[in-house]
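Everything on this sheet refers to the single structure shown next.
The values are calculated or read from the model by the stated rules, or taken from the named source; none is laboratory data. Treat the numbers as computed from the prediction; the structure is a model and nothing was measured. Every residue, glycine among them, receives a Cβ derived from its backbone with ideal geometry; neighbour counts consider all protein chains shown. These area figures cover heavy atoms from the full protein model, side chains too; ligands, DNA and RNA do not enter into them. Shrake-Rupley method; radii C 1.70, N 1.55, O 1.52, S 1.80 Å.
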Amino acid sequence: SHNDRRDDCVSGDPAMEEHHQEKRQDERFSCGSPVEWAYFNKPEKHSARMLNFSHSGACLECSQAPIHGATIMVRLEAYQAECRSDCREKSDCPWPRWNVLGEVKWRRDIAVRGGPLFGVGVKFHPPV
């Protein structure tokens, strides 16, 4: 079912990854950078952390989850130059652009203890 694909975003289970690989057209890069998201038509911004991304979408971890189906803007707070992820050479970061516009495809409560925490899947709108 389409519901089980949400697990590979947060579980990191290799079997899950493999199972879903064929559904993904693009290579996925893990990331730990802080990002901001905002509803397309609203000024207030919310903090999140990018868990991984590809050229067609991203998985975010945030304490306030956007509404399913909403269009949101995602902005990498420290793009390339000051990226705080130690994942690869900074100049080599494949994050597509400063701001991306996308649709919230799923959200999942991943809180273990403490405050609320959600995994959120975003599918990017193609750039115009």
Inset, instruction - Ignoring everything but the protein chains, give the 1.4 Å probe accessible area of residue 117 in square angstrom, nearest 10. - result: 50
Inset, instruction - Rounded to the nearest 0.05, what FRET efficiency do residue 44 and residue 112 give with R0 = 30 Å and r taken as the Cβ-Cβ distance? Could you check? - result: 0.65
Inset, instruction - Using only Cα atoms, figure out Rg for the range 25-69 and give it as a multiple of 2.2 N^0.38 Å. - result: 1.21
Inset, instruction - Name the residues whose placed amide hydrogens come within less than 5 Å of the amide hydrogen of residue 57, ignoring near sequence neighbours (fewer than 5 apart) on the same chain. - result: 124
